[in-house]
Amino acid sequence: MRETIGITGGAARPRLRGGTGFAGAFAVLDQYIGVLITFALGTVIVLGMVSGSMIFGARSKGRRAVKDEVFECGNPSSGPARGRFSVHFYLVAILFIVFDVEVVFMYPWAIVFRQLGVPGFIEMLTFVAVLGFGLVYVWRRGALAWD
Amino acid sequence: MTMGAALFLLVAVATVAAALGVVLHPNPVKSAIFLVVTLFLLAIVFVLLEAHMIAALQVIVYAGAIMVLFLFVIMLLNLQDDDPERGRHRYVLRGLAWLGGVVLAVELALLLRGATMGGGEVPADYGSAEAVARSLYTDFLLPFELTSILLLVAVVGAVLLAQKQRRSSLP
Amino acid sequence: MIVPTQWVLMLSAVLFAIGVVGVLVRRNVIVIFMAIELMLNAVNLSFIALARARGAVDGQVVVFFVMTVAAAEAAVGLAIIIASFRNRSTVNVDELALLRG
Amino acid sequence: MGLIAVGIAAVKAFAVLMLVLNMSAVLLWVERKGSALIQDRIGANRANVFGVMPLNLGLLNTLVADPIKLLTKEDMVPAGADKLLHFLAPFLAVFPVLVTFAAIPFGDELVIGGQAINLQVAALDIGILYVLAMSSLAIYGVVLGGWASNSRWALLGGIRGAAQMISYEIAMGLALIGAVMAFGTLDMQAIARAQGHHFFGVIPAWGVIYQPLAFLIFLIAGIAETKRVPFDLPEGESELVSGYFTEYSGMKQAAFMLSDFAESVVVAGLAATLFFGAWQVPFLFRDGFHFPGGVIVALPHLAVVVLQIVSFTLKVFALCVFQILVRWTLPRYRYDQVMDLGWKYLLPLALANMLVTGIVIVSIG
């Protein structure tokens, strides 16, 4: 019973190669059978749910014009609904992409960095530092400020 | 035909259909949605090719991040359906483009049909996060570090381009 | 491998061709951009297929980098589109022939 | 064996989906009653059967009467809306959240007739990445729901929601990296098993002990991802009517509501797995309890498995209830405060947490 920080799972990792196989032809992908079935079941359940009111729901006759109007607190709506919006949202999305890629690079690193040791840690430090510089630039330029 | 091959064919047909949707649908938002579907289906193909890690990244980075940016821009600019094109030579050019595409696809397919490539056994941890990570952080160390600079340049450039030309809080 | 490598490469070829047609046929610059992403993905697919055929994982690492480059490209490319839209109010490539004067 | 394996997987998948759906429904009731308790009122307490008999059925009101009511509502699609996307949006909001649970283990192995069944729908090597991938798709439901409705409230809510979700996804991902570094794997069952021992024989070695800061960041980011108070800017009813699902009615609107609750369940499930020992019960091992001091209570295998499943369910439920308590305690943030919290506090904090974790692990060896 080791009491250091970070115990790697003592139990055996599940094998990638399942022994028996799905109908004999799917040996490698046994672990994804569950995902496939969940997707299928989930699709059926959610589709059934979303279309529930379309099938069982009440239907009103006539006078659709008023009822189908979009909600505007009782006033007739004016102008197009899909106006342009602040470029800030776009800046957030850009930052998101860049940092998402950074995070995604960190996951593979996080699982092997014990093997990589100190050099591996310094590599990631450099990577984070360069991107951290980007964050500081964006911050100081005011792209993160909402006015 | 095995179960796996049938699944591959099903996904492949759906992928091609979704890709055609990207190109054919006049509404940019729907085009983007079709592209998201294409990318998701490609992730399934990646799983079938035992690239588990890359499949997950495909969904996270492509379907979950890049396409969100596309949708944001389409909505930001409030783009409507593309205008139907007029003019006779337009139709000729379009026809030529489609013809060229079909020729390209057939040509590539014919070229690749003859190629003989092994599809043999691979190590047990092939495509796992650990295998990809080991390769990435030993053999591809320099590209990895350069990536950070690429991303830095991208974020600086994008913010410069997209922000309005007013003096910001930069001293 | 569940299917011959050639099948996957053919799928990749078809997707690439669709991307090419998209670039040629569409006039909306964002849709053209999306068609380019489609072509990138077709190439990614063949990288994955050939990595599997060779039994080496480095093809997958290359795909990793392609995704990163695609992310950077999307950020900058779309920023350019926004900037040009601000000046010209259009995303139609026929009207965006800036260099012609 | 092939077909039997598929059958078992199907049973597990169905059980997990039902767990998420039913827990969401129960949470709705807990929320109604809990908020009433907090605000010193009675709360939802009767259902009219055929318009004549007010009945107090308690939990059954939300589990049975509510769905029936919602099913019989008229399905509305506003004029000028994009019909296809309007239909697709609630689907895209719920589906990714539901399937996320496939990678989360709800128990250890169940051995029946010499055959071991892993109590996890899909024993994925990249479990955590799968969860992140699926939850990153949940954005589309929000964006498309807002865009397809052709209503300005909905559009504003959708855009706000998307920007908020992507902002907190970064903090969430970075917080999880600390946990991944501590355990050295992305496989959730392996992470669950690694939490099975005890420090000094008494303190369970749960992730929250290695990574308290990561847990805190993850929980805050998780609540923000579910778009609930104090982060409910996308739907904030006092400014945006109800945000991206303003123009939805009946079961479609219920789908959006469900997706919020199901997201709560997923966040709780993830937090329980990574930070609270998943299905582990303190001092419970494969053959029974081993209390400190040498007291051993042997238990049959089935009892152990049942205890583990119950333990996991209770942990998830407790974390969900905690989220509801937060929801009814704090007021809503302003939008700039929400974005600031994500980008200027949680993100640097998560990076720092990661670096400290790295330094500690490297210096220990």
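Observations on the model:
- Scan of the stretch D:339-365 for residues that are aliphatic (A, V, I, L, M) and closer than 13 Å to D:E169 by Cα, ordered by number: D:M339, D:L341, D:L346, D:L347, D:A350
- Any hit, the stretch C:70-83, residues being more than 7 Å from chain B (Cβ to nearest Cβ), in a helix (DSSP H, G or I), of a type in the set (A, V, I, L, M) and over 30 Å from B:D139 (Cα atoms): no
- Within the stretch C:43-59, the residues that satisfy the criterion of being more than 28 Å from B:L76 (Cβ to Cβ) and either within 8 Å of chain B (Cβ to nearest Cβ) or surrounded by 24 or more Cβ atoms within 10 Å (Cβ to Cβ) (or both) are C:L45, C:I48, C:A49, C:L50, C:A51, C:R52, C:A53, C:R54, C:G55, C:V57, C:D58.
- Residues of the stretch D:1-29 classified as basic (K, R) and touching a Cys at 6+ places or on another chain (Cβ under 6 Å), total: 0
- Among the candidates D:R46, D:R41, the residue that is over 23 Å from the mean Cα position of the chain (by Cα) and at pLDDT below 80 is uniquely D:R46.
- Scanning the stretch D:88-98 for residues that are hydrophobic (A, V, I, L, M, F, W, C), within 7 Å of chain A (Cβ to nearest Cβ) and touching a residue at least 60 places away in the same chain (Cβ under 8 Å) yields D:F91, D:V94, D:L98.
- Unmet requirement for D:A272, which otherwise passes all of (1) modelled with pLDDT of 90 or more; (2) touching a His at 6+ places or on another chain (Cβ under 6 Å): (2)
- Selection of first residues in the stretch D:302-313 that are assigned to a helix (DSSP H, G or I) and of second residues that are polar (S, T, N, Q) and surrounded by 21 or more Cβ atoms within 10 Å (Cβ to Cβ), restricted to Cβ pairs under 9 Å at least 6 apart or on distinct chains, gives the following pairs, ordered by first then second residue: D:Q308/D:Q280; D:S311/D:Q280; D:F312/D:T273; D:F312/D:Q280.
Conditions (1) buried (at least 18 other Cβ atoms within 10 Å of the Cβ); (2) under 24 Å from A:L91 (Cα atoms); (3) among the aliphatic types (A, V, I, L, M), marked per residue:
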{"residue": "B:A17", "(1), (2), (3)": "no, no, yes"}
{"residue": "B:L20", "(1), (2), (3)": "no, no, yes"}
{"residue": "B:P26", "(1), (2), (3)": "no, no, no"}
{"residue": "B:L42", "(1), (2), (3)": "yes, no, yes"}
{"residue": "B:L48", "(1), (2), (3)": "yes, no, yes"}
{"residue": "B:I54", "(1), (2), (3)": "yes, no, yes"}
{"residue": "B:F72", "(1), (2), (3)": "yes, yes, no"}
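- Residue check for C:L50: in a helix (DSSP H, G or I), in contact with a helix residue (DSSP H, G or I) (Cβ under 8 Å, 6 or more places away or on another chain) and modelled with pLDDT under 90: yes
- Breaking point among (1) closer than 20 Å to C:L9 by Cα; (2) touching a residue at least 12 places away in the same chain (Cβ under 8 Å), for B:V47: (2)
- In the stretch D:155-184, the residues that are basic (K, R) never reach a residue that is modelled with pLDDT of 90 or more with C-beta atoms less than 9 angstrom apart, at least six apart or across chains.
- Qualifying residue in the stretch D:148-161 (condition: facing another protein chain (nearest Cβ under 8 Å), in contact with a His (Cβ under 7 Å, 6 or more places away or on another chain) and of a type outside the set (F, W, Y)): yes
- Looking across the stretch A:107-116 at every residue that is surrounded by fewer than 22 Cβ atoms within 10 Å (Cβ to Cβ) and at the interface with another protein chain (Cβ under 7 Å from one of its Cβ atoms), the one that is farthest from D:M181 (Cα to Cα) is identified as A:L116.
- Flag for D:G178 being more than 17 Å from the chain's Cα centre (by Cα), small (G, A, S) and under 17 Å from A:P108 (Cβ atoms): yes
- Assessment of the stretch D:336-354 against the conditions (of a type in the set (S, T, N, Q), modelled with pLDDT under 85 and surrounded by fewer than 18 Cβ atoms within 10 Å (Cβ to Cβ)) yields at least one matching residue.
The values are calculated or read from the model by the stated rules, or taken from the named source; none is laboratory data. What you see is a predicted model; the values in this text were computed from it and never measured. Every residue, glycine among them, receives a Cβ derived from its backbone with ideal geometry; neighbour counts consider all protein chains shown.
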